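Visitor: Just passing along the structure, written as structure tokens.
The values are calculated or read from the model by the stated rules, or taken from the named source; none is laboratory data. Predicted, not measured: the structure shown is a model, and the values here were computed from it. Here the Cβ positions follow ideal geometry from the backbone for every residue, glycine too, while neighbour counts run over all protein chains shown. Keep in mind that these areas ignore ligands, DNA and RNA; they rest on the heavy atoms of the full protein, side chains included. Shrake-Rupley method; radii C 1.70, N 1.55, O 1.52, S 1.80 Å.
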Amino acid sequence: MHPIINPAAYISKEFFLRDLELMRTNWHFAGFVFEILNHDDFLTTRIGEVDLVLQNFKGSVAAFTNVCSHRFSQIQTQPEGNRSLRCPYHGWAYGFDGIPVGVPKKGSFPELADPVCREKFKLEQWEVDTCGQLIFVRQKFGGLTLREFLGEIYDRVENMTSAFGERIDKNSFVIQANWKVAIENTLECYHCAEVHPESFANFIVIGNDIRDEKLHSSWHTAISERYASGLGRVEKIFASRPVNIAGYFHQLIFPNLTLVTTNGLTYHLQIFDPVSPHETLFTSHSFLTKLSPQVSINPEIKRGLVASSIDFNRRVFEEDRVICETVQKGLRFPPVGAAGILADDEVRIQWFQQQVVSSASFNAVI
């Protein structure tokens, strides 16, 4: 197999601008439902180069570009909190539809007495939908619904994320590599023996349950006897967990989100956000499975599971960071005429690249 995307797509500003459009026009993860449950709860995030705010209005969540239409200050300036959608500069306040509902000294703006004119100062609104505990947004309304976009993986994502219990770790850092390099690295384990010889390579038994799910893809494989035996006692304690997926399961949610579980005991959601042609903001959220209040867990066993999960993932992520940055350096000077080649184990890379190229904006310059 051969790659579909050439090296220039990982280093040039022109391609990067298409990547940003890809992020804005597809459904994109923006936050968790449990983080924004109450009236006036908010989250801020960035998609590409656009700052967004997700705001709860009496139980309904709306998303806007986080810029006041009066004098263009950011409206919410913290990552999260509980505060009305009110600009800190001059106090303009906005409602669920993004139209100004409170303007100090409103009489000094005679044009705002006209509802039609006031609507011109509406914030740029993004479409919002949810699947399980995940909030998705996109810049333009219309097109595929979130359920249609996720297709056959919708129910799986809903079930897995609804099983999220306590969040045990959040890890974020910048990888000095293009986001597609980082995504493609997580889509194959051909590199595992070289990059993760003492970590991930010992954790799994390489299997070929790889599935093309249109925009998305997944990989399911067994874990090694060594790790499986170590989880035996924990498995019994967590027997009532809501989702039990035996082994290691890795789901790509196109374009830049991965959802991972081991035996349904722990879950890891990873986001690969483009920062520049050669920078990716990587963020990982880790959760224990949800359990009923009646289940009692020995604190020592819980601490051991949490510590081992965090340590293992952070070690693997650091090993991946180093190799992705090494790849990015090499992409600047590829051999003349070389297009690269893909092993059977790397077929998910080809599927991912096909979806990237199929976007009209990217296809125009590929």
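Visitor: Among the candidates 116, 101, single out the residue that is over 30 Å from residue 165 (Cα atoms) and part of a strand (DSSP E or B). Break it down into steps so the answer makes sense when it comes.
Guide: On the way: 116 fails: part of a strand (DSSP E or B).
The conditions single out 101.
Visitor: Please enumerate the residues belonging to the range 116-139 that are under 21 Å from residue 72 (Cα atoms) and open to solvent by 50 Å² or more (accessible area, probe 1.4 Å).
Guide: Restricting attention to the range 116-139, the residues satisfying the condition of being under 21 Å from residue 72 (Cα atoms) are 116-126, 139.
Correct list: 116, 118, 119, 120, 121, 122, 124.
A quick yes/no check of all residues on (1) over 18 Å from residue 349 (Cβ atoms); (2) in contact with a Cys (Cβ under 6 Å, 6 or more places away or on another chain); (3) surrounded by 14 or more Cβ atoms within 10 Å (Cβ to Cβ):
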{"residue": "156", "(1), (2), (3)": "yes, no, yes"}
{"residue": "161", "(1), (2), (3)": "yes, no, yes"}
{"residue": "182", "(1), (2), (3)": "no, yes, yes"}
{"residue": "187", "(1), (2), (3)": "no, no, yes"}
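Visitor: Here's a follow-up. Any idea how many residues of the range 10-29 are open to solvent by less than 10 Å² (accessible area, probe 1.4 Å) and part of a strand (DSSP E or B)? Give the derivation first.
Guide: If we filter the range 10-29 for residues that are open to solvent by less than 10 Å² (accessible area, probe 1.4 Å), which is where we start, we get 16, 19-20, 22-23, 27-28.
Cutting the leftovers down to part of a strand (DSSP E or B) gives us 28.
Number satisfying all stated conditions: 1.
Visitor: Could you list, in sequence order, all residues of the range 19-36 that are more than 13 Å from the chain's Cα centre (by Cα) and among the small types (Gly, Ala, Ser)?
Guide: none
Visitor: Counting residues that are within 19 Å of residue 271 (Cα to Cα), which helices (runs of 4 or more DSSP H) fully inside the range 146-217 reach at least 3? Steps first, answer last, please.
Guide: Working: elements: 146-150, 154-162, 179-186, 192-195, 200-203.
Because the criterion is at least 3 residues that are within 19 Å of residue 271 (Cα to Cα), the helices (runs of 4 or more DSSP H) in the range 146-217 that meet it are 146-150, 154-162, 179-186.
Visitor: Out of curiosity, is residue 7 out of contact with any strand residue (DSSP E or B) (no Cβ under 7 Å at 6 or more places or on another chain), surrounded by 15 or more Cβ atoms within 10 Å (Cβ to Cβ) and not hydroxyl-bearing (Ser, Thr, Tyr)? First the steps, then the outcome.
Guide: Numbers: out of contact with any strand residue (DSSP E or B) (no Cβ under 7 Å at 6 or more places or on another chain): yes; surrounded by 15 or more Cβ atoms within 10 Å (Cβ to Cβ): yes; not hydroxyl-bearing (Ser, Thr, Tyr): yes.
So residue 7 passes the test.
Visitor: Among the residues of the range 206-228, count how many are closer than 26 Å to residue 291 by Cβ, over 21 Å from the mean Cα position of the chain (by Cα), open to solvent by less than 90 Å² (accessible area, probe 1.4 Å) and not aliphatic (A, V, I, L, M).
Guide: 3
Visitor: Can you name the residue in the range 266-318 that is of a type outside the set (A, V, I, L, M, F, W, C) and assigned to a loop (DSSP other than H, G, I, E, B) and is also most open to solvent (accessible area, probe 1.4 Å) among such residues? So that I can check it myself, show each step before the final result.
Guide: Looking only at the range 266-318, we keep the residues that are of a type outside the set (A, V, I, L, M, F, W, C), and these are 266-268, 270, 273-274, 276-280, 283-286, 289-290, 292-294, 296, 298-300, 302-304, 308-309, 311, 313-315, 318.
Still in the running and assigned to a loop (DSSP other than H, G, I, E, B): 277-278, 290, 292-294, 296, 298.
Details: 277: 16, 278: 95, 290: 93, 292: 51, 293: 120, 294: 150, 296: 103, 298: 74 Å².
Selected residue: 294.
Visitor: Let me ask something else about it. Can you tell me which residue in the range 34-52 is surrounded by the fewest Cβ atoms within 10 Å (Cβ to Cβ), limited to those that are without any contact (Cβ under 8 Å) to a residue 40 or more places away in the chain and farther than 23 Å from residue 132 by Cβ?
Guide: Restricting to residues being without any contact (Cβ under 8 Å) to a residue 40 or more places away in the chain and farther than 23 Å from residue 132 by Cβ, the top hit is 49.
Visitor: Assess whether residue 234 counts as being under 21 Å from the mean Cα position of the chain (by Cα) and either surrounded by fewer than 18 Cβ atoms within 10 Å (Cβ to Cβ) or hydrophobic (A, V, I, L, M, F, W, C) (or both).
Guide: Numbers: under 21 Å from the mean Cα position of the chain (by Cα): no; either surrounded by fewer than 18 Cβ atoms within 10 Å (Cβ to Cβ) or hydrophobic (A, V, I, L, M, F, W, C) (or both): yes.
Against the criterion (under 21 Å from the mean Cα position of the chain (by Cα) and either surrounded by fewer than 18 Cβ atoms within 10 Å (Cβ to Cβ) or hydrophobic (A, V, I, L, M, F, W, C) (or both)), residue 234 does not qualify.
Visitor: Among what's in the range 75-111 and is among the polar types (S, T, N, Q) and surrounded by fewer than 16 Cβ atoms within 10 Å (Cβ to Cβ), pick the residue that is farthest from the chain's Cα centre (by Cα). If you could, list the steps in order and put the result at the bottom.
Guide: Kept after step one, since they are among the polar types (S, T, N, Q), are these residues of the range 75-111: 76-78, 82, 84, 108.
Narrowing further to those that are surrounded by fewer than 16 Cβ atoms within 10 Å (Cβ to Cβ): 77-78, 82, 108.
Numbers: 77: 21, 78: 20, 82: 23, 108: 44 Å.
Step by step, filter the range 75-111, then rank; the result is 108.
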